[in-house]
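The numbers here are math on the coordinates, done by the rules we state, and not lab data. Keep in mind that what you see is a predicted model, and the values were worked out from it rather than measured. Note that each Cβ is placed from the backbone with ideal geometry, even for glycine, and that neighbours are counted across all protein chains shown.
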Amino acid sequence: MAVVQLAAAGKYARGAQRKTVRLLLPDPASLEGMVLDAPYAAGGVIQEVALSRDDAAVLTFRLENCRKGDLERGRIMVRVPAVDPAVADPNHQPLAPKAGPAALMFYRDGPGGPFRLLSAYRGWIPAANAAEARALDERLIAAVEKEKELRHAGLVGCPAERDTIAGTLLAWQNAWNSKREVENCLACYSQQSPWRQKWEGGPESRKELAAVMEKYPALIEAILDRVDQGKNQASAAVRLRVISAGGYVEVRSITMKFVFENGQWLILDEGN
């Protein structure tokens, strides 16, 4: 962890010449960033794009090369998440995938559930022809290798979606309710937040935060009611349902503060 902290500060030196190497997570919007966040990354051909009542679209995808994940070659259906107008990102256009060669980065929505693109804004990169498709597949392979390097260095990615406020809120809720995914939970927080600063305080602080999550005697459900969003800052009116082990439900109305940091909307203040 000390090495990771030095690397984040740009002070980690290695090699015979002690050259400074700065280790950084890739931009979430890049191919490498999408591969890092996705349980599955595959190349193939989108054969059909169908309209959907519940999603933006459903893709019929002929999977040819699964570079991340354990899927075999064959035809699968991949859903494109719809954008909720109440929490739409005004700075980005949602994806509109078209038939043709492409790389898809996606996840499975629950055990045995449908496949979905990473988000309404990420997870599809098209190729214009067979040559571009081959080059894209080589980039996929390189991105998977880059992920191994980052994980070996201690900089791990999180498959949760944090490129919208709603996505970050859901990722935070799921990580907290797991009671074990401390790193995934902390990844939802801004570097400026008290939680992240405490986490960076050292091994004892990390143990303390892990114990808080593990021993929390309830589950939470975060319901997003309203977002007031600027370019780099936002506040969200949230109803937090706290569900005890005995089934008792307490509802708290809070205002959470978010900041746009490293290409993601991250929690600055929980509002508790």
Which label in (1) 53; (2) 37; (3) 45 gives the computed percent of Cα pairs over 27 Å apart: (3)
Computed label-point distance, nm, for sites Asn174 and Glu221 using a 7 Å Cα→Cβ extension: 1.7
Debye, to nearest 20: dipole size of the chain, +1 on Lys, Arg Cβ, -1 on Asp, Glu Cβ: 580
Semi-axis lengths (Å, descending) of the ellipsoid that matches the C-alpha gyration tensor of segment 165-269: 22, 20, 10
Set of lysines with alpha-carbon distance to Lys231 below 25 Å, sequence-local pairs under 8 removed: Lys257
Proximal lysines relative to Lys207, as straight alpha-carbon distance under 16 Å, when same-chain residues fewer than 8 apart are discounted: Lys179, Lys198, Lys215
Partner lysines for Lys68 [C-alpha distance under 23 Å; skip if fewer than 8 residues away on the same chain]: Lys98, Lys146, Lys148
Relative contact order [Cα under 8 Å, 6+ residues apart], segment 141-272, whole percent: 21
Highest-MSF residue in the chain out of Met105, Met213, Met34 [GNM, Cα springs under 10 Å]: Met213
GNM top mover of Ala57, Ala131, Ala218 - the chain, alpha-carbon springs below 10 Å: Ala131
Residue among Pro114, Pro39, Pro101 with the largest mean-square fluctuation in a Gaussian network model of the chain, springs linking Cα atoms under 10 Å: Pro114
Chymotrypsin sites (Phe, Trp or Tyr not before Pro) restricted to segment 171-272 and DSSP loop, no more than 12 other C-beta within 10 Å: Tyr248
